[in-house]
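Read the structure below first, then the notes.
What follows draws every value from the coordinates through simple rules; no lab data is involved. Quick caveat, the model's predicted, so the values are computed rather than measured. Every residue, glycine among them, receives a Cβ derived from its backbone with ideal geometry; neighbour counts consider all protein chains shown.
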Amino acid sequence: MNYQNLLITTQDAISTITINRPKKLNALNSATIQELHHAFEHCNTDPQTRVILLLGSGDKAFVAGADIKEFADFSEEKGRELAQKGQELLFDFVANLETPVIALINGFALGGGLELAMAAHFRIASDTAKMGLPEVSLGVIPGYGGTQRLPQLIGKGRAMEMIMTGGMIDASQAMEYGLVNHVVTLDELVDCAKGIASKIIKNSPNAIGQAIGAINAGFEDGIDGFQKEINAFGHCFGTPDFIEGTTAFLEKRKANF
Ligand code: DAK
């Protein structure tokens with residue numbers, strides 16, 4: 001696919017998807033959401049890709065939210081329909097990918113931008129990053145999973161405050177809240193993510209995909225996460241990765257997944 005709003009590179013089993021609308025602070029319009037869906041689907045099925053990094057172009061923003069111009073005249077029905085579609089196409093889609101997705105928050109991550117970063121499996125921020133869910137200042141609420149994922153990540157009280165005030169927190173506060181796993185300088189951001197990705201790549205991709213599914217199950221209503229873990233655990237025993245992992249250990253060599 002010829003992307004208008006994304007740049008994608010793949011090197012050393014790491015694919016980097018860069019949202020490339022710097023003049024609009026990488027705001028998510030519907031075309032970008034469609035392209036992201038396609039890019040994530042492509043990377044997830046690409047045998048050359050073992051980890052996906054997601055970042056925003058430029059040094060100012062990861063994503064400054066959903067494109068306000070686009071949703072300014074939505075009706076109730078359209079808002080509901082697009083929230084559903086957006087979650088299926090992108091936010092839930094990313095959260096449930098078997099391939100690990102790391103969001104690199106390199107500046108503003110606001111509204112839909114923070115929701116996208118929260119859909120990733122974990123986040124690393126630059127010390128210049130600012131994060132918030134300012135939707136209530138526009139008369140709406142977070143519509144791409146923010147009311148669910150923010151309290152899961154930082155706790156209910158903190159999420160209530162962030163969503164009600166619509167304010168921004170900086171990277172160090174995000175670190176204290178557990179919203180991001182690491183804070184580094186902007187210059188170090190990509191290298192830091194690649195260093196973590198290179199550790200992930202040494203492990204079984206099948207087991208990692210199963211672990212993501214089991215962890216996510218614990219946060220889904222009506223699903224028994226422990227049972228999901230039992231089934232996923234059993235599934236691992238029937239895979240070539242398990243044979244390679246255990247054989248390599250017994251032969252005192254590194255596994256080659
Ligand atoms: N949408 C569209 N354009 C945006 C944008 C956004 N979210 N954020 C920034 N831009 C554009 C600005 O309009 C400006 O464009 P030009 O005027 O140059 O053409 C350009 O990016 C540079 O922005 P600024 O000139 O404002 O830059 P500053 O450094 O002065 O300020 C800022 C940076 C991040 C503080 C400021 O740009 C800002 O407050 N941006 C808006 C933040 C925001 O409120 N984001 C939206 C949150 S609400 C939905 C589901 C979910 C959502 C919506 C619908 N459905 C299912 C339908 C989610 C909603 C949200 O994300």
Most packed first (mean Cβ within 10 Å per residue), the peptides 34-40, 246-252 order as 34-40, 246-252
Proximal lysine pairs in the chain, meaning Cα under 19 Å and 8 or more positions apart or interchain, come to 14
Cβ-Cβ cut-off under 15 Å around Gly58, Lys and Arg +1, Asp and Glu -1: the net charge is +3
Percent antiparallel among DSSP beta bridges confined to the chain, nearest 5, equals 30 percent
Along region 115-124, Karplus-curve 3J(HN,Hα) (6.51, -1.76, 1.60; θ = phi - 60°) to the nearest Hz, with x for Gly and Pro, reads 4, 5, 4, 6, 6, 5, 6, 7, 10, 10
Asserting the computed 222 nm helical MRE of the chain (DSSP H runs at least 4 long, -39500 (n - 2.57) per run, divided by residue count, to nearest 500) equals -13500 deg cm²/dmol
Kirkwood Rh over alpha-carbon pairs of region 64-221 plugged into Stokes-Einstein at 10 °C, 1.306 mPa s gives a D in µm²/s of 97 µm²/s
